[in-house]
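The block underneath contains the structure these notes are about, expressed in structure tokens.
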Amino acid sequence: MANLFRLGLIINPLAGLGGSVGLKGSDGQAAQALALGATPQAMNRAKTALTELLAQRGQFEVFTVAGDMGESVCAQLGLQYQLLYRAAGTPSTPQDTETAAKLLAEHGVDLLLFAGGDGTARNICAAVGEQTTVLGIPAGVKIHSGVYAISPQAAGKLVAKLIAGELVSLAEAAVMDIDEQAFRDGVVKARRFGEMRIPAQLRYVQSVKMAGRESEELVLADLAAYVAAQMEDNVRYVMGSGSTVAAVMAELGLDNTLLGVDVVENGELIAKDVTAAQLLALVEGYPSKLVITLIGGQGHVFGRGNQQLSPAVIRAVGRDNIILLAGKAKLQQLNGRPLLADTGDSALDKQLTGLINIVTGYNDYVMYRLGYDDEE
């Protein structure tokens, strides 16, 4: 037992609840999100990550928290585990996350793996600081912090390398979070809350989200004018979040939800700030296209702040009907790394992989790779 890799595991079961129902976050919004029909996804995303470790199940032991904060997933996968903490009530609280993290760190885990969003990362950072090596499984609505893997599968693959004893560099990564109330009002106010030590491999770990303009003002206006001019009659255009898409909406003279998803048809706004369920009802069986941009610095196209674009919605629209917008400056920030899709559906992520056209200006396109090829 002494030679087994000691893996700490904490799941925030409430992480990401607000995304699919358009709440722009989950902090303090769990009851409202559930009432709107949100389905918890954090446990499933943790399960996806841990499934990557099943071939090594005899080489590691999990130290975790009772119930949905870790125990349930371990039991489902048949993993060897020990409980170090039990939350006093349901649902669990941020204090439960912090207390559990302290106990796991004191128990000497080799890696603390946690599933959540930026709020969860803040809780973990407050509890363990830079003393324990950590890695986040992305499960939240907003993930600006650099302590998260690019997807649940990537988190699992990186942990598998550690368990196998492969040499993996360590680095300090920033813990970032935003003011959710301001976020819901369309204003991004990000703060740095500290740093944590992570296993660092660029293939598996995301960059901190870049702030500021995504392209020069004239380039952005040029791009927006071209997209607006290409819009077809009797087609529903799903307008994703972000300032690049907002420029297209401004060109159309339409009100825009900067951090939400709107739907436009025949030059008119037909639905504003829609949920995933509302969006699916609008596009299913109807000619539709998706106008979307990527997150500067990270390269995420799906899975960061736009969970309204559910796997069902993306499938209903179709890959060939995705209109991806980005100024060349934003693409240069990626330094050749591919764009990323973390939809929560690994089969769909694989289907989205390949070269994709990106609109970079007026009648100006580049081809860029979306998704990594499998290593094995």
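Pick out, from the range 55-163, the strands (runs of 3 or more DSSP E) lying fully within it that include 3 or more residues that are open to solvent by less than 10 Å² (accessible area, probe 1.4 Å).
Passing ranges, in order: 60-65, 111-116, 134-138.
Could you please find all residues in the range 147-160 being over 13 Å from LEU113 (Cβ atoms) and either at pLDDT below 85 or of a type outside the set (Gly, Ala, Ser) (or both)?
ILE150, GLN153 - these are the residues of the range 147-160 that are over 13 Å from LEU113 (Cβ atoms) and either at pLDDT below 85 or of a type outside the set (Gly, Ala, Ser) (or both).
Hey, can you tell me all the residues within the range 312-325 that are in contact with a helix residue (DSSP H, G or I) (Cβ under 7 Å, 6 or more places away or on another chain) and within 16 Å of GLY242 (Cα to Cα)?
Correct list: ILE323, LEU325.
Tally the residues that are touching a residue at least 60 places away in the same chain (Cβ under 8 Å) and over 21 Å from LEU54 (Cα atoms), restricting the search to the range 132-158.
Result for the range 132-158: 9.
Only one of (1) at pLDDT below 90; (2) open to solvent by 10 Å² or more (accessible area, probe 1.4 Å); (3) assigned to a strand (DSSP E or B) is not met by ARG197, so which one is it?
(1)
Return yes or no: is VAL188 open to solvent by 20 Å² or more (accessible area, probe 1.4 Å), hydrophobic (A, V, I, L, M, F, W, C), in contact with a helix residue (DSSP H, G or I) (Cβ under 6 Å, 6 or more places away or on another chain) and at pLDDT below 95?
Answer is no for this residue.
For ILE295, work out the one condition from (1) among the β-branched types (Val, Ile, Thr); (2) open to solvent by 20 Å² or more (accessible area, probe 1.4 Å); (3) closer than 14 Å to ARG236 by Cα; (4) not in a strand (DSSP E or B) it doesn't fulfil.
The number of the failed condition is (3).
Looking only at the range 323-340, which residues are open to solvent by less than 20 Å² (accessible area, probe 1.4 Å) and either at pLDDT 95 or above or aliphatic (A, V, I, L, M) (or both)?
Passing the criteria: LEU324, LEU325, ALA326, LEU331, LEU334, LEU339, LEU340.
Name the pairs: first residue in the range 243-260 and more than 19 Å from GLY305 (Cβ to Cβ) and free of Cβ contacts under 8 Å to residues at least 60 places away in the same chain, second residue open to solvent by less than 10 Å² (accessible area, probe 1.4 Å) and of a type in the set (Val, Ile, Thr), Cβ to Cβ under 7 Å, at least 6 apart or on different chains?
LEU252/VAL264; LEU254/VAL264
ALA281: at pLDDT 95 or above, in a helix (DSSP H, G or I), more than 14 Å from MET239 (Cα to Cα) and open to solvent by less than 50 Å² (accessible area, probe 1.4 Å), yes or no?
Taking the combined requirement at face value, the residue does not satisfy it.
The values are calculated or read from the model by the stated rules, or taken from the named source; none is laboratory data. It should be emphasised that the depicted structure is a prediction, and the values quoted were computed from it without experimental measurement. Note: ideal-geometry Cβ built from the backbone for every residue, glycine included; neighbour counts use all protein chains shown. Note: areas computed on protein heavy atoms with side chains; ligands, DNA, RNA excluded. Shrake-Rupley method; radii C 1.70, N 1.55, O 1.52, S 1.80 Å.
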